[in-house]
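Below is the structure I would like to discuss, written out as structure tokens.
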Amino acid sequence: MSEKKVKFGLVGCGMIARVKHMKGAWAWRDEMEVVAFCDIIRERAEAYAEQYGAPGAKVYTDYKEMLKETELDAVIVATPNRSHSFITIDSLEAGKHVICEKPMAKTYAEGKAMVEAAKRTGRILTIGYQNRYRNDVQYVKAACETGELGEVYTAKAHAIRRRKVPTWGVFLDEYEQGGGPLIDIGTHALDLTLWCMDNYEPHMVAGSVYHKLNRQTHTGNVMGDWDPEAFQVEDSAFGYITMKNGASIYLEAAWAINMLDEKEAKFTLCGTKGGIDFNDGVRYNTVKHDKMVVEKPNINLEGIPLAEPPRDRAVETEMRIFLDAIKYGKPVCVKPEQALVVTQILEAIYESGRTGKAVYLDREE
């Protein structure tokens with residue numbers, strides 16, 4: 001194994017880079033280093049370079065200038081959704097591998113162009129759906145793969161917050177983000193559901209998109225009152241998806257809704273042999289000896305029982321998999337083609353919400 005460190009550049013020095021990508025980089029600092037930082041606000045890039053950068057790390061306000069950095073092997077794209085596609089494509093064209101933060105893109109067309117660029121350049125592209133690497137999700141995926149649930153024919157994808165609207169950055173800006181909770185947290189729930197079902201062939205999508213609470217002023221929001229004038233995106237959205245094989249998925253996403261049962265990045269699977277949900281930890285239900293039974297596996301991290309292991313370990317695993325793909329040619333877990341289907345479905349829910357009509361999707365090969 002070569003001792004040479006893999007050299008990374010970061011585009012977008014905001015919150016997600018700090019709480020996620022830089023933690024992943026730090027976990028594997030003996031094998032990788034961030035040598036270039038880019039942000040439209042130079043002071044932020046400078047602060048990141050000082051805190052997280054390798055000695056002599058460079059600072060940029062133009063990502064295209066950063067891509068001229070000949071020592072770069074890979075790029076982390078952690079910008080608002082609007083710029084995911086063109087920064088990723090330019091990075092791939094410059095010969096860099098890319099890990100792009102979720103969602104893949106604002107639109108299916110943008111995401112498709114990203115997939116095509118990765119194929120054209122032969123570079124690695126993966127998308128930041130780190131929840132796949134949680135211990136509880138890994139357990140459920142294994143149960144699906146070993147056939148314990150039988151045929152999973154219906155599911156629910158949960159991304160519900162009662163009052164947790166992100167009031168910083170550009171989360172409420174439709175132009176920058178493309179939407180609100182559906183594209184922000186609904187994307188995680190849908191990715192997990194499709195991945196465990198191993199079904200990426202959507203047929204029909206019907207959706208409802210609501211702007212019901214975002215005009216309120218005394219909000220009870222745990223992140224502080226939002227500005228109604230700035231709240232341009234939906235506060236909640238719901239979708240019903242049927243797949244080509246007849247399976248169905250119900251997706252619920254909200255930042256603000258009058259619902260006590262909060263669930264985020266969770267899902268429910270119903271199969272012909274058993275079902276799994278995430279109520280009070282993972283619960284597996286089936287029939288044994290002609291009796292209904294519920295089992296709660298002891299999913300643990302280093303021997304400590306946990307319903308939801310810390311996200312940091314999932315973040316470390318995400319970066320480890322990307323590093324192994326770069327260094328050893330191993331496959332990535334989150335394939336861009338899979339992330340593209342997530343974006344396709346989310347876009348269809350928004351379209352159905354606007355038109356009041358179902359959207360029929362013909363999967364392009």
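The values are calculated or read from the model by the stated rules, or taken from the named source; none is laboratory data. Since the structure is predicted, the reported quantities are computational estimates derived from the model, not experimental observations. Backbone-built Cβ (ideal geometry, glycine too); neighbour counts: all protein chains shown. What goes into the accessible areas is simple: the full protein's heavy atoms, side chains included, and nothing from ligands, DNA or RNA. Shrake-Rupley method; radii C 1.70, N 1.55, O 1.52, S 1.80 Å.
Confirm whether residue 174 is surrounded by fewer than 21 Cβ atoms within 10 Å (Cβ to Cβ), in contact (Cβ under 8 Å) with a residue 60 or more places away in the chain and over 25 Å from residue 8 (Cα atoms).
Numbers: surrounded by fewer than 21 Cβ atoms within 10 Å (Cβ to Cβ): yes; in contact (Cβ under 8 Å) with a residue 60 or more places away in the chain: no; over 25 Å from residue 8 (Cα atoms): yes.
In short, no.
Residues to consider are 241, 185; find the one that is buried (at least 16 other Cβ atoms within 10 Å of the Cβ), out of contact with any helix residue (DSSP H, G or I) (no Cβ under 7 Å at 6 or more places or on another chain) and closer than 26 Å to residue 138 by Cβ. Please lay out each step first, then the result.
Details: 241 fails: out of contact with any helix residue (DSSP H, G or I) (no Cβ under 7 Å at 6 or more places or on another chain).
After applying the criteria, what remains is 185.
If I filter segment 1-50 down to residues being within 21 Å of the chain's Cα centre (by Cα) and assigned to a strand (DSSP E or B), which single residue comes out as farthest from residue 62 (Cα to Cα)?
In this case the residue turns out to be 8.
Quickly run through segment 125-179 and pick out the residues that are in a loop (DSSP other than H, G, I, E, B) and hydrophobic (A, V, I, L, M, F, W, C).
149, 165, 168, 170, 171, 172
Test residue 69 against the stated conditions and say whether it is within 19 Å of residue 182 (Cβ to Cβ) and not aliphatic (A, V, I, L, M).
Taking the combined requirement at face value, the residue does not satisfy it.
Further question on the same structure: Checking the condition under 17 Å from the mean Cα position of the chain (by Cα) and not small (Gly, Ala, Ser), which residue from 260, 192 passes?
Selected residue: 192, the only one of 260, 192 that is under 17 Å from the mean Cα position of the chain (by Cα) and not small (Gly, Ala, Ser).
Taking into account only those residues within segment 134-184 that are aromatic (Phe, Trp, Tyr) and modelled with pLDDT of 95 or more, which is nearest to residue 297 (Cα to Cα)?
Looking at the filtered set, the residue picked out is 153.
Still on this model: Could you run through segment 25-58 and say how many residues are open to solvent by less than 30 Å² (accessible area, probe 1.4 Å) and either aliphatic (A, V, I, L, M) or modelled with pLDDT under 95 (or both)?
Qualifying residue count, segment 25-58: 9.
Please count how many residues of segment 61-72 are under 10 Å from residue 9 (Cα atoms), modelled with pLDDT of 95 or more and of a type outside the set (A, V, I, L, M).
Residues flagged as under 10 Å from residue 9 (Cα atoms), modelled with pLDDT of 95 or more and of a type outside the set (A, V, I, L, M) within segment 61-72 amount to 1.
Additional query: Report whether or not residue 96 is over 26 Å from residue 359 (Cβ atoms), open to solvent by less than 20 Å² (accessible area, probe 1.4 Å), at pLDDT 95 or above and among the basic types (Lys, Arg).
When the stated conditions are applied, residue 96 passes them.
Moving on. Being in contact with a strand residue (DSSP E or B) (Cβ under 6 Å, 6 or more places away or on another chain), closer than 13 Å to residue 242 by Cα and open to solvent by 70 Å² or more (accessible area, probe 1.4 Å) is the filter here; which residues of segment 336-365 pass it?
Hit for segment 336-365 is 360, nothing else.
Can you work out which of the residues in segment 253-287 that are free of Cβ contacts under 8 Å to residues at least 60 places away in the same chain and of a type outside the set (Val, Ile, Thr) is least open to solvent (accessible area, probe 1.4 Å)?
277
Could you list, in sequence order, the residues of segment 64-76 that are open to solvent by 40 Å² or more (accessible area, probe 1.4 Å) and closer than 24 Å to residue 31 by Cβ?
70, 71, 73
Being at pLDDT 95 or above, farther than 16 Å from residue 323 by Cα and open to solvent by less than 10 Å² (accessible area, probe 1.4 Å) narrows it down to one of 107, 121, 88, 79, so name that one.
From the options 107, 121, 88, 79, the qualifying one is 88.
What do you reckon, is residue 142 in contact with a helix residue (DSSP H, G or I) (Cβ under 9 Å, 6 or more places away or on another chain), open to solvent by 40 Å² or more (accessible area, probe 1.4 Å) and among the hydrophobic types (A, V, I, L, M, F, W, C)?
no
While we're on this one: Taking only segment 252-279 into account, find how many residues are over 16 Å from residue 293 (Cα atoms), out of contact with any strand residue (DSSP E or B) (no Cβ under 6 Å at 6 or more places or on another chain) and of a type outside the set (A, V, I, L, M, F, W, C).
Result for segment 252-279: 2.
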